[in-house]
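What follows is a set of notes on a single structure, which appears directly below.
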Amino acid sequence: MHYRAIFISDLHLGTPGCQADALLSFLKYNSSDSLYLLGDIVDGWQLKRRWFWPQAHNDVIQKLLRRARKGTKVVYVPGNHDEFARHFVNHQFGGVELLEEAEHTMADGRVLWLTHGDYFDAVVQYAKWLAHVGDNLYELTLRLNRYLSHLRSALGLPYWSLSAYLKHKVKSALNYVTAFEDALANEATRRGYQGVVCGHIHRAQIRDIQGVLYCNDGDWVESRSAMVEHFDGRLELIFWDPETMEDPAQALLDS
């Protein structure tokens, strides 16, 4: 399907948790006039610890570059895991525009602020060592999640994310998510935008926060989600299941 815009983030290429095959399937069946990559595309933190780069991760990079060569507007806003790329903002490579942050004008004229979101995460900004510890624990959870996924698949059960379940059950995590979302919405208002699109916390969401449109496109290690804009301006979260790609599970959330 072809869209006016596609927003994806938190691919975490370079980690075993990256669901590159599912992303390749999504990109095969979906295209857009504009494609926004909102950070943590490559996981520099994990690659520093251990090199992991299978062919599927190369294929993702090649497919993204191919989109740019064929005329898609591709904008890359780095996050904290690919912060090395922030040294090259305001440059282009392979037709991909690298920006510190960006904006997108919707079909109805509303302007959205595009950012990864880590600048509004107090842990990342003021206790980076703790963020690295949390990242290692998160990788452990994802590893357990892969084993559970294989077991559930063998039993004929649908995909389920252990890490997402744990985050939604822990009260402190829910408070953290709420504070993060409110901070982004408030900053969007302060800057004069009608909404914000971000990633970072791996929780796909489209909702109104005091008159501001808050959008998070999710991730490709847990939810396998992207946000799209239709040509009539509707925003939609798509949760991609490559096994049913002819009729993917979608959550329609009209703004």
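The values are calculated or read from the model by the stated rules, or taken from the named source; none is laboratory data. These numbers were taken from a predicted model, which means no experiment stands behind them. Note: ideal-geometry Cβ built from the backbone for every residue, glycine included; neighbour counts use all protein chains shown.
Which of the following residues is exposed (fewer than 15 other Cβ atoms within 10 Å of the Cβ) and either small (Gly, Ala, Ser) or under 29 Å from residue 113 (Cβ atoms) (or both): 48, 70, 28? Show your work before the answer.
On the way: 48 fails: either small (Gly, Ala, Ser) or under 29 Å from residue 113 (Cβ atoms) (or both); 28 fails: either small (Gly, Ala, Ser) or under 29 Å from residue 113 (Cβ atoms) (or both).
Just a single option satisfies the conditions, and that option is 70.
Test each condition in (1) buried (at least 19 other Cβ atoms within 10 Å of the Cβ); (2) free of Cβ contacts under 8 Å to residues at least 60 places away in the same chain; (3) not polar (S, T, N, Q) for residue 79 and report the one that comes out false.
(2)
Could you please let me know if residue 255 is at pLDDT below 95 and of a type in the set (Ser, Thr, Tyr)? It would help to see each step written out before you state the result.
Details: at pLDDT below 95: yes; of a type in the set (Ser, Thr, Tyr): yes.
Spelling it out, residue 255 is indeed at pLDDT below 95 and of a type in the set (Ser, Thr, Tyr).
Having 1 or more residues that are touching a His at 6+ places or on another chain (Cβ under 6 Å) is the bar; report the helices (runs of 4 or more DSSP H) wholly within region 1-92 that clear it.
Working: elements: 20-29, 44-49, 55-69.
Because the criterion is at least 1 residues that are touching a His at 6+ places or on another chain (Cβ under 6 Å), the helices (runs of 4 or more DSSP H) in region 1-92 that meet it are 20-29, 44-49.
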